[in-house]
Amino acid sequence: MEEAESSAKGASLDGGLFGDGLVSAPAATTKGKRRGSGPKGPPVRRIRVLLPLPLDTPGGGAYDYSVPNGTPLPELGSFVAVPLGGREMLGVVWDGEPDPNLPEGRLRDILGILPAPPMKEALRRFVEWVAAYTLSPPGAVLRMAMSVPSALEPPGQQAGWKLSAAGEAAKEGAPGYRMTAQRRRVLEVMTPGEPRAGADIADEAGVSTGVLRGLAEAGLIEPALLPRPRSFARPDPGHPGPYLADDQEAAAAALRETVAKRAFGVTLLAGVTGSGKTEVYLDAVAECLRQGRQALVLLPEIALSAQWLDRFKARFGCAPALWHSELSGRLRRATWRAVADGEVGVLVGARSALFLPFPDLGLIIVDEEHETAFKQEDGVIYHARDMAVVRARMAEATCVLVSATPSLETLTNAEQGRYSALNLPSRHGSAGLPEVEVLDLRKVPPERGRFISPPLIEAITETLARGEQAMLFLNRRGYAPMTLCRTCGHRIRCPNCTAWLVEHRAQRRLQCHHCGHAEPIPPHCPECGAEGSLTAIGPGVERVQEEASQLFPDARRFVMASDTIPGPAAAAEAARMIADREVDLLIGTQIVAKGWHFPHLTLVGVVDADLGLAGGDLRAAERTVQLLHQVAGRAGRAESPGRVLLQSWNPEHPVMHALISGDLPAFMAEEAEARRPGGWPPFGRLAALIVSSEDERAADRVARDLGLAAPGGEGVQVLGPAPAPLAMLRGRHRRRLLLKARRDVAVQPLLRSWLSRVEVPNAVRVQVDVDPVSFL
Ligand code: ADP
Ligand code: ZN
């Protein structure tokens, strides 16, 4: 699921925050008036306030303010309301000396102190650290730590709307009310007897709040107090958990001991798929709770975590707090506040949860630490796995990185002794690891125009005949990745991006998977006009499903892709259907690779095992092994043995060898040896500059200037500028430069002085990506 949490939305005030709880200046003080007039009073008290704004000013968004007489001096980390230009903003009282030379006449008074727990030093240091590391303005990072400004309001009862008797009648379709499509949508999203916040209603119905006012005037809705947000149950560490197997208990004991030290430390928890790593780290969570501290669990795709949540409930007797982009506004506010108040014991979240205001964080778990979903690619560009380690260090907490297929970065850190390492070598219970075979497509090709080879068809047939489940994996959404005109050779591309449009046949549309552009499938070639000449090239999951429907007409088939599983509820229902054997043949994209436990699934067929290797970057082989190993790990997790068939045109590739042998450590050792001599990560550092503009020449000019101003010297090299593989994205032309440096070189100062040497016009954006994961 995409996150949309870093927007500035709501960071400024509409006067709404000046409720009862605000410790404000005396009534006589004019809001934010300038100092320096009037009789001489006591010396003015100055403070620094960091504002949640992505300002590239020298202070990075910090400004000096004065505290009016009669207002207590706010402590560091306090949330304060301040004037900025003609606006009112919320900010945080920040460390550092105010400038004593700033004339009093230029200082403005703060407007008040908000009744919320001040931001802890550990989080303030983290904000600064992330800003410095990613070369972002501190204000931009603070914005992520203040993503719910309304949570700073006094937690009083709030007003919303409920359906009136007339509204309930109108909702049921009673005639006589003046209805518009917008009004009807509002009534649809409201439930009789359940008041909701106006903003929530407007959001869900997709209308403005004006529509609500209109409905109120028409008597269809009426004001109502909202119930207090539910409080967060504290998970009970004494709740009986499963009896751990010996190797699990050994690992759990080591983690408990680390957590009990209440000091910083990082541990890699590795172990084959299905070895029971989750139960082990939940034991560390229990220890953290016993210590009276808070625990944070980061999952790469929280929307796909229904099974995980069930296990958590089984272990602790209640659900954890959740943090992801689909939380409603109210729950988001309540959660943020409950975290800040120390009420939340365990929170499970997406990467942005790192910026929540935990007052006493004792443990951070990063599950599936190898996942690229932990990398945030826009706004402040950061890797949540790496920042989790930093967050833990600032909070004197334990960080546990968990994976069956750890990244080379983490393995190297463990090898070099920076991280401790624990390993679970076998599957839990009687389950063995699945047997992996490669199907050489040169020898056993599928029929013309088909994508499933005869041996794979046979294996599926046998599996289904035994009453077991099979899965077909292809990491590509839609029907076909390209549409070609057989008459003129034209291929249909996105008007905004360097990308082919992907056919989604069920929706009769062509879609760009980069910018979201969509258009109907044209009846004839847009280039030469030939009728019936457009052909789908290559498979996506929809096409595999079509083929499967012909091959296995009696099997109950189910497609799992991010566009067919839109949210947490759909994912939970899908998992239930599969676990309850309502599905025989599962067809899916990478979302089927995620931690699922489907006991009746015994066969996994990978339609195109070579897919991730094409046009690959630095980590293409590593990522392919990780993904396919995780996919393979879905097979045979209970009593019946599992089998995995990989279709490949390139069966001799080291990736296929690694998957067949299952010897991932040997593969990773080879990867390390391939990267070490050239100084590629993790044996060297990378930082990318991405120059983009709607104006191609402007982008080229800045890219060229950056190239000319590139830093050099011992152990530093700059590659580029060159057009990015995605040379055009969302209508912007893109150029890339890559800085490669030895590990002992601090790249941030180099980058900073490099960027300062080049003038960048407004029409051009230069993004800095330290430790890039994507090279597109
Ligand atoms: P991993 O995270 O290593 O892939 P899981 O934690 O998902 O493995 O465990 C695999 C399966 O084994 C799950 O169904 C889990 O509930 C079960 N399991 C793990 N440990 C135990 C235990 N100690 N007792 C009972 N069941 C367990
Ligand atoms: Zn596009």
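The values are calculated or read from the model by the stated rules, or taken from the named source; none is laboratory data. Because the structure is a prediction, the values reported are computed rather than measured. Quick reminder, even Gly has a Cβ in these numbers, built from the backbone with ideal geometry, and neighbours come from all protein chains shown.
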Whichever residue in segment 708-738 is small (Gly, Ala, Ser) and in a strand (DSSP E or B) and, among such residues, is surrounded by the most Cβ atoms within 10 Å (Cβ to Cβ): ALA724
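Examine segment 155-178 for a residue that is closer than 24 Å to ASP56 by Cα and buried (at least 21 other Cβ atoms within 10 Å of the Cβ), and state whether such a residue exists. Let's see the steps before the verdict.
Here is the first cut: in segment 155-178, the ones closer than 24 Å to ASP56 by Cα are none.
For segment 155-178, residues closer than 24 Å to ASP56 by Cα and buried (at least 21 other Cβ atoms within 10 Å of the Cβ): absent.
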Criterion violated by GLU519 - all others in (1) of a type outside the set (Val, Ile, Thr); (2) within 16 Å of ligand 2 (Cβ to nearest atom); (3) assigned to a loop (DSSP other than H, G, I, E, B) satisfied: (3)
One residue from VAL280, VAL272 being within 13 Å of ligand 1 (Cβ to nearest atom), within 22 Å of LEU411 (Cα to Cα) and surrounded by fewer than 24 Cβ atoms within 10 Å (Cβ to Cβ): VAL272
Failed criterion for ALA392 (all others in (1) under 21 Å from ALA131 (Cβ atoms); (2) touching a strand residue (DSSP E or B) at 6+ places or on another chain (Cβ under 7 Å); (3) assigned to a loop (DSSP other than H, G, I, E, B) hold): (3)
Residue in segment 407-419 that is on the phi > 0 side of the Ramachandran plot and buried (at least 16 other Cβ atoms within 10 Å of the Cβ) present: no
Candidates HIS514, HIS597 - the one that is outside any strand (DSSP E or B) and within 16 Å of ligand 2 (Cβ to nearest atom): HIS514
Filter result for ALA609 (aliphatic (A, V, I, L, M), crowded, with 23+ Cβ neighbours inside 10 Å and within 15 Å of ligand 1 (Cβ to nearest atom)): no
ALA303, sole failed condition from (1) buried (at least 21 other Cβ atoms within 10 Å of the Cβ); (2) more than 16 Å from ligand 1 (Cβ to nearest atom); (3) over 25 Å from the mean Cα position of the chain (by Cα): (3)
Matching residues in segment 677-707 - criterion: being of a type outside the set (Phe, Trp, Tyr), under 15 Å from LYS740 (Cα atoms) and not in a helix (DSSP H, G or I): PRO677, GLY678, GLY679, PRO681, PRO682, GLY684, ARG685, LEU686, ALA687, ALA688, LEU689, ILE690
Top-ranked residue of segment 74-123 - restricted to ones that are in contact with a Lys or Arg (Cβ under 6 Å, 6 or more places away or on another chain) and aliphatic (A, V, I, L, M), ranked as nearest to LEU51 (Cα to Cα): LEU111
Residue in segment 324-338 that is surrounded by fewer than 23 Cβ atoms within 10 Å (Cβ to Cβ), more than 12 Å from ligand 1 (Cβ to nearest atom), without any contact (Cβ under 8 Å) to a residue 40 or more places away in the chain and closer than 27 Å to THR405 by Cβ present: no
Subset of segment 739-776 [acidic (Asp, Glu) and either surrounded by fewer than 17 Cβ atoms within 10 Å (Cβ to Cβ) or modelled with pLDDT under 95 (or both)]: ASP744, GLU759
Identity of the residue in segment 654-671, touching a helix residue (DSSP H, G or I) at 6+ places or on another chain (Cβ under 7 Å) and surrounded by 16 or more Cβ atoms within 10 Å (Cβ to Cβ), that ends up nearest to PRO772 (Cα to Cα): GLU671
